[in-house]
Structures are given as C-alpha cells and as structure tokens.
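Data first, discussion second: the structure below is written as structure tokens.
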Amino acid sequence: MGGVRQNKAMPNSKRRENLSPKNSATFSSPESGMTPKCQTVYIRTFGCQMNVRDSEIILGMLQKEGYLETESPKEADVVIFNTCSVRKHAEERAISNMGMLLKARGKKEKIFGIVGCTAQALKKDLFSRLPGLNIVCGPANIYDIPDLIKKAIKKDTQVLAVDRVKRPLLRDCSFRTDNLKAYVSIMYGCNNFCSYCIVPYVRGRQLSRPLRHIIDEVKDLASRGCREITLLGQNVNSYGQDLKGKTDFTGLLEKLNRVAGIERIRFMTSHPKDASKRLFSAMRDLSKLCKHLHLPLQSGSDKILKLMNRGYSFSDYSGLIECLRKIIPGCNITTDIIVGFPQESEADFQKTYQAMQKIRFDQAFIFKYSPRPKTKAAELEDDVPLKVKQKRNNMLLKLQKITSAVLVMLCVLFLFSGNAFAANKVFRNAEALILKDSYSQAAKECERIIARNPRAKVKAKAYYLLGICLLKEGKFDQAKKNLNQLLRRYPGSKFCQQAKAALSRSSFSVQVGCFAKEANARRLRGELINLGFQAYISKLRGEDLYRVRVGKFAGRQDARSLEQRLKTRGYPTKICQ
C-alpha cells in the first residue's frame, strides 16, 4: 500500500490557528464585474503523508495569492478536500463530508473543490454526485489550483483538471506547517501494480525527483530551523530506478546524511522486493537515520501474495527481517496487513496470523480488503464475507496489542537485568513523544523514569531529556533546575556537556503587551492562559510598566514559532531576550 494511512485531516497541532478574514487580502475579478472576497481557504486532508505534503504545497501556493488558512469551513471562501482513494471507505467519507458542506453552504459565495486521488479516480462523475462542486483536480494537476480557482470564480462554472499523466518536476513550494519537522517527497507514482492498489492509476507511473532538487530543498529546510525530515514516496527504496543509473535510494540517503543542521532522517514506505542488505547497513552506519523501517507484509500466505502481485514469498520477507535484525538489533519494524483478500481461506489467514506471531512487529496497520476500480483484484470475486473480514481484522488487532505489550515488558526485564540494550528501550515512549512535539507528555514520562529507575546512566539521560522538553515548553526556570540536577548528581555523564550548552543559551520570550496599569496586564495574561499559553507578567526594577510575556526559550527559533502562533491570533508581538 502507499504508506501508513492517516484517518484525519492534518492534526490541529500541525495546522495554523484560526485566522480572521478581516486581516486577509482580497482577490478581485474585474473581468466578470464581480469582486468576490476569496480571502480564506479551508483544506482538509484525507489519506497518507503524501497527501499531507500536497496540502502544504496547495496552501503555500494560495498564500502567495493572498489567501489565509482557516480551520472553519463555514468561514472559508474556498473549501478544498485533498482526498484518498486507496480504500472505498476513505473515498466515500470524503464525498459524504463534502456533500454535507455543500448542502449547508447558504447564500455566501464559495468555491468548493475536491483534489487528489478520488478526483483522479472519479473525474467528472463527482460533479453529478456533488451538485454545487466547482473544481475537480487530480494529483498531477495540483500546481494549477490557483488558476483553477480564478477560472471557477470568473466563469462561474465547473472546472475539471485531470488531464496530466505525469506530475511536473517543479521545485516544491517551501511552505511547511511545522518548523522543526518536514515531509519531503522524493518521487511520485508507482510501477509495482499490486493487484489491489489503485495508486498507479491515480498517481501515475514512478517519477523520481531530480537529486539536486531534493538536496536543495533539504538544505533550505535546515537553514530555516528544520531538524527532522521524512522522505516520502509510494515505494521510496525504488527511488532512482527511472533516472538511468544516476543515483539510487541508498546514495540519496548518504548525501542527505551530510546536510548540516538536519539531525534525524526517516523514510516511508518501502517495498520488500527493493529492500536490501546495503540499505540496512546504511541505516546502521548513517548517524542521522532513525532505526525504523516500515515494510508492508500484506499477507503471510504465498498464495495470497502471488494473487496480490507482491513479487516475494513469506520466506523472502522473513529472511529480510532476519537480516535487518542482525545488522540493527532492536530496529523498530512496522508493517501493513490486508485481511479478506479474494480467495483468502481460513488456512491463508492462519498463515498471516502465524507470520505476525513469528516476526513480532512493533506496530501493524491492519485493513479490510475493499475492491478498487481498474485494479486486477477488482476482476476477482470479493468472496470473503464482511463479517469474516471484521473477525479476522479484530483477531490481528488483538494479537498486535498483545505483542506490543510483551515487547514493552521485555524492555523492562532487560532494564532490570542490567542489559545495556534496555537503556535505549526505556526511553522509547519519551523519545517518540518528543518527535511528535508532545513535550509536556514527554516531560511526564521522563519524570516517571527518574522516580522509578535506579540506574545512574538512565537517570542522567532522563534529567537531560526532561530539561530539553521544558525548554521547548518555554519553562526556562524549571528546565534550568533539572539540567543543574544532572550536572550536580552525574558530573561524569556524557549528557553534561549538552546540558551546559543548553544552559549557556540566553532566554528568549515573546512580549504581547506593555501596560501602565497592572490590572490591564493581568487581564491580558488571563486571556492568554485561557488559550493555553504560558503567560506571565514581567516588571523591571525602577519602572512602572507591566510587560505581558509568553514562554522562556533557550533558542530564538522556538520563540519565533510561538510568535507566529500568537500573530495568527491577532496579537502584536516582539521577541525579547
């Protein structure tokens, strides 16, 4: 399948704050004699990370046209759904949600568009299914969206753009919704033609982006403070196969590992037929590569794998996992599984169940098969009843839940047996939360480790991570206290030097207001606290001014991120040191 699926639009933590239309630019259309106020845009994303990145590109292009993003489709002048067609349920959910918005549109002039894989799959049929829909645009046509909107406004007509077979190899828009982490598309489309998968029919054949484009994009991200990148593609480890030997995926990883400023590199999704010992060795040896591989199995039955046109047997797959674990002990391995594929017997399902028992994935994304138009599997009878699919799905979910719990238990046992490997495992939850920017939860996890773990090395790392999380939360004083605890209690720890570096940085905050009356300052502070900001009042000696500030950060970049959030709320801001 094309990647780990995301069942929601972009998470709220990754989206811009709700923006007021009164602060936005106005788009006018003098040719039509109208002046529609196309000021705000609402984008909802369905599907995989590729769609999330495409939504960023769309939003970046529209911002250049003067649009601002809003979280409310009711307030928006332009409503766009970026859709997924890998499963029928995702397709129908997007159409149903768009239908409800169209019915509730009222008298306000709006533009409604469906873009992405569903648009490419259903084309003009969407106009008949969704009366009032203005734009249908396929993935290869997304760079045309600003012009499509103008055309829909000017001519008051339906606009269909699904004609492109290949996506233009342009340098992608630099806009990102996250300052520290970014998705980077390295290729589009797919040549594998798995029998169940619609991707080659809606995203086209494999098209690798030029190496120079990718490296320049990552260097630009690093220069703007990005620290983690995730490389995206339907099958990333086949990157470069269409570039006539100029480079391959491992070569790309080696070059990106040398980009200054980038600290972590991830990638997804990989195909087992293109996974190799060379890739696994690169994952081990390249310092910035995270030790995680998402490698879809799909089924443990060779019969079903052949019907799926996957190009490998379970023995092949199992051998890859064995090789990977020899090269990178403790590597995090995740997978995709499909249950209820045509002709899947109970014996076939049991082979998948046993495969999961044998491999012990850290996480598995399990889906019930649904036929997709144009695919080879759609020609087969969908002969596994829905109830059976649901039962098998639940059995695998339960098995994976038990497997994950056992893996956590083994980590604890290794820890108290003094095994050095466990020292890394005990921080898995905390580090995962940090990578998700869930610093408050990560801080609590570090506090739990400090309270319960007797080992000095583990406590030293926990104090350091706790301090860093508190710095990211803008709690400079609390961070300073914990980092100093590390320096006093564990002076020989390897984390002491990093703690000293963090402490030596100046403290930055964001000032939101300055008042002669303390009551006014208190009122603003309360308002900010109610919105979830760490606000406080600062008063310098000898002055009768009350400054309302938010956060205390060790780095200016973190303060800038907060400043942007406050600006989108309409607050005047400045960074103070």
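Residues in region 319-344 that are of a type in the set (Gly, Ala, Ser) and at pLDDT 95 or above were compared, and the one that is farthest from PHE361 (Cα to Cα) is GLY340. Every condition in (1) more than 24 Å from ILE337 (Cβ to Cβ); (2) among the polar types (S, T, N, Q); (3) modelled with pLDDT of 85 or more is met by ASN394 except one, and the failing one is (1). Checking each residue in region 163-191 for being buried (at least 18 other Cβ atoms within 10 Å of the Cβ) and more than 20 Å from the chain's Cα centre (by Cα) picks out ARG167, CYS190.
Selection of region 206-262 for residues being among the aromatic types (Phe, Trp, Tyr) and part of a loop (DSSP other than H, G, I, E, B) yields only TYR239.
When ASN309 is tested against (1) part of a loop (DSSP other than H, G, I, E, B); (2) buried (at least 20 other Cβ atoms within 10 Å of the Cβ), just one condition goes unmet, and that condition is (2).
Taken over region 33-63, residues that are touching a Pro at 6+ places or on another chain (Cβ under 8 Å), at pLDDT below 90 and either polar (S, T, N, Q) or assigned to a helix (DSSP H, G or I) (or both) amount to 1. Does ALA282 qualify as being part of a helix (DSSP H, G or I) and of a type in the set (A, V, I, L, M, F, W, C)? Yes: the conditions hold for ALA282.
Residues that are without any contact (Cβ under 8 Å) to a residue 60 or more places away in the chain and surrounded by fewer than 19 Cβ atoms within 10 Å (Cβ to Cβ) within region 503-523 comprise LEU503, SER504, ARG505, CYS514, PHE515, ALA516, LYS517, GLU518, ALA519, ASN520, ARG522, ARG523, listed in sequence order. If you go through region 440-477 and keep only what is surrounded by fewer than 21 Cβ atoms within 10 Å (Cβ to Cβ), touching a helix residue (DSSP H, G or I) at 6+ places or on another chain (Cβ under 7 Å) and over 23 Å from GLY492 (Cα atoms), you end up with GLN441, GLU473. Please count how many residues of region 353-394 are within 28 Å of the chain's Cα centre (by Cα) and not charged (D, E, K, R). So the answer is 16.
Evaluation of LEU256 against the conditions (1) touching a Phe, Trp or Tyr at 6+ places or on another chain (Cβ under 7 Å); (2) more than 16 Å from THR335 (Cα to Cα) shows that the sole unmet condition is (1). Quick one: is ILE142 within 23 Å of the chain's Cα centre (by Cα), within 30 Å of LYS288 (Cα to Cα), assigned to a helix (DSSP H, G or I) and aliphatic (A, V, I, L, M)? Judged against the criteria, ILE142 is not a match.
Filtering region 46-77 to residues that are within 18 Å of MET100 (Cα to Cα) and in contact with a helix residue (DSSP H, G or I) (Cβ under 6 Å, 6 or more places away or on another chain) leaves PHE46, PRO73. Taking the criterion of being in contact with a Pro (Cβ under 9 Å, 6 or more places away or on another chain) and under 30 Å from LEU307 (Cβ atoms), would at least one residue in region 175-189 satisfy it? Yes.
Would you confirm whether any residue within region 346-367 is part of a loop (DSSP other than H, G, I, E, B) and at pLDDT 95 or above? No.
Going by the conditions given, is ILE449 assigned by TED's automatic domain parsing to the domain that holds PHE476 and at pLDDT 85 or above? In short, yes. Could you tell me whether ASN97 is within 17 Å of ILE43 (Cβ to Cβ), surrounded by fewer than 17 Cβ atoms within 10 Å (Cβ to Cβ) and in the same structural domain as GLY47 (by TED's automatic domain parsing)? Spelling it out, ASN97 is indeed within 17 Å of ILE43 (Cβ to Cβ), surrounded by fewer than 17 Cβ atoms within 10 Å (Cβ to Cβ) and in the same structural domain as GLY47 (by TED's automatic domain parsing). Checking each residue in region 195-211 for being within 19 Å of ASP172 (Cβ to Cβ) and not polar (S, T, N, Q) picks out ARG203, GLY204, LEU207, ARG209, PRO210, LEU211. Of the residues making up region 554-563, those that are of a type outside the set (Gly, Ala, Ser) and either modelled with pLDDT under 75 or more than 24 Å from the chain's Cα centre (by Cα) (or both) number 4.
The values are calculated or read from the model by the stated rules, or taken from the named source; none is laboratory data. This structure is a prediction, so every number in the text was calculated from the model and none was measured. No Cβ is skipped: glycine too gets one built from the backbone with ideal geometry, and neighbour counts run over all protein chains shown.
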